[in-house]
Amino acid sequence: MGNQVEKLTHLNYKEVPTADPTGMDRDEGPRIGVSYIFSNDDDELEQQQDSVHDLGGEHPALQPYDPQLHEVECSVYYRDECIYQKSGGHLSTYTPENLLNRCKPGDLVEFVCQAQYPHWVVYVGDFQVVHLHRLEVVNSFLTDASQGRRGRIANQLYRYKPLSPAVVVRNALEQVGCKDRDLSWRNSECFAAWCRYGKREFKIGGELRIGKQPYRLQIRLGDKRSHTLEFQSLEDLIMEKRRNDQIGRAAVIQELSSHLQAAEEEEEEEEDHHRHPGARTAVEPDPTRC
């Protein structure tokens with residue numbers, strides 16, 4: 001995943017239900033065979049920003065940022081159901097001050113900037129947000145949480161049914177002060193999404209990993225080209241999606257180009273084999289043998 005692993009343990013518990021009929025998943029502990037991996041992509045983001053300020057450099061958010069150029073358009077599927085989609089219509093961004101006029105309690109906001117992980121917050125009203133920041137859930141003013149980055153209301157990215165705004169705000173505020181090893185989320189996006197949708201899949205170890213890979217991340221490379229990656233859990237998929245956002249669209253396409261080229265060459269070889277099934281490669285005789 002490209003992130004530091006601070007702790008890895010394997011736990012073995014009884015399997016618990018995945019959802020509650022009321023719409024809010026129960027928090028009854030992790031499931032059987034779950035790997036706990038603590039990796040803080042948002043921590044890395046903050047350290048990068050601090051180093052820029054310490055060196056007296058330009059604030060990253062002041063550099064030109066074009067969502068169409070830098071962000072990766074993608075869709076996420078659970079089996080055959082699309083549960084997340086980021087496309088051209090979802091890429092518009094606004095200044096923090098402009099967002100204050102658009103946000104309502106319970107909204108999710110995604111702050112973006114070139115070469116950084118997206119930072120997600122939950123708007124709770126009165127110009128304030130709750131978010132996972134440096135291994136702690138904190139309550140901040142939206143403008144402070146943005147750190148000068150542009151952002152967007154991200155309610156429409158995930159296609160799960162949201163909880164009521166009051167419940168979303170309550171979920172967020174109840175976690176303020178939670179930090180370090182007591183955290184149940186690997187990054188700000190997982191925390192914010194859990195607050196809004198209440199699904200345990202956003203939590204660390206919230207799903208059973210046993211061979212099958214029901215989640216698919218479809219990355220759009222162009223008008224008619226895409227590449228699909230498979231994952232055992234939504235948590236792992238989100239980490240890869242966020243890494244793609246951090247390195248940017250051009251780097252993602254470059255990473256995939258060699259893989260796609262190899263796959264195309266393999267397909268061409270298979271087609272040649274089917275067209276000429278009897279063809280064999282000539283083998284020169286060994287001169288040392290009679």
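Cross-link pairs exceeding 31 Å between alpha carbons, from the set Lys104/Lys224; Lys161/Lys241; Lys104/Lys212: Lys104/Lys224; Lys104/Lys212.
If you model the stretch 67-267 as an ellipsoid using its alpha carbon gyration tensor, with each semi-axis the square root of five times an eigenvalue, the axes come out at 29, 20, 14 Å, biggest first. Of the residues Lys86, Lys203, the one with the largest accessible area comes first in the ranking Lys203, Lys86, computed with a 1.4 Å probe on protein heavy atoms. Once C-alpha pairs closer than 8 Å and six or more residues apart are averaged by separation and normalised to the residue number of the stretch 67-267, the relative contact order reads 24 percent. The magnitude of the dipole of the stretch 78-132, with charges of +1 and -1 set on the Cβ of Lys/Arg and Asp/Glu and taken from the Cα centre, is near 60 debye. In terms of packing, defined here as the mean over residues of other Cβ atoms within 10 angstrom, the peptides 119-127, 178-186, 142-150 line up highest first as 119-127, 142-150, 178-186. Select from the stretch 80-114 those chymotrypsin sites (Phe, Trp or Tyr not before Pro) which occupy a DSSP coil region and have at most 16 other Cβ atoms within 10 Å, ordered by residue number. Answer in residue order: no site qualifies. Coupling constants for the stretch 172-184 follow from the phi torsions by the Karplus curve (6.51 cos²θ - 1.76 cosθ + 1.60, θ = phi - 60°), and in residue order they are 5, 5, 5, 9, 4, x, 5, 8, 6, 6, 7, 5, 10 Hz; glycine and proline get x.
The values are calculated or read from the model by the stated rules, or taken from the named source; none is laboratory data. All values reported here derive from a predicted model rather than from experimental measurement. Here Cβ is always computed from backbone atoms with ideal geometry, including for glycine, and neighbour counts include all displayed protein chains. The protein model used for the area step is the full one, side chains on, heavy atoms only, and it has no ligands, DNA or RNA in it. Shrake-Rupley method; radii C 1.70, N 1.55, O 1.52, S 1.80 Å.
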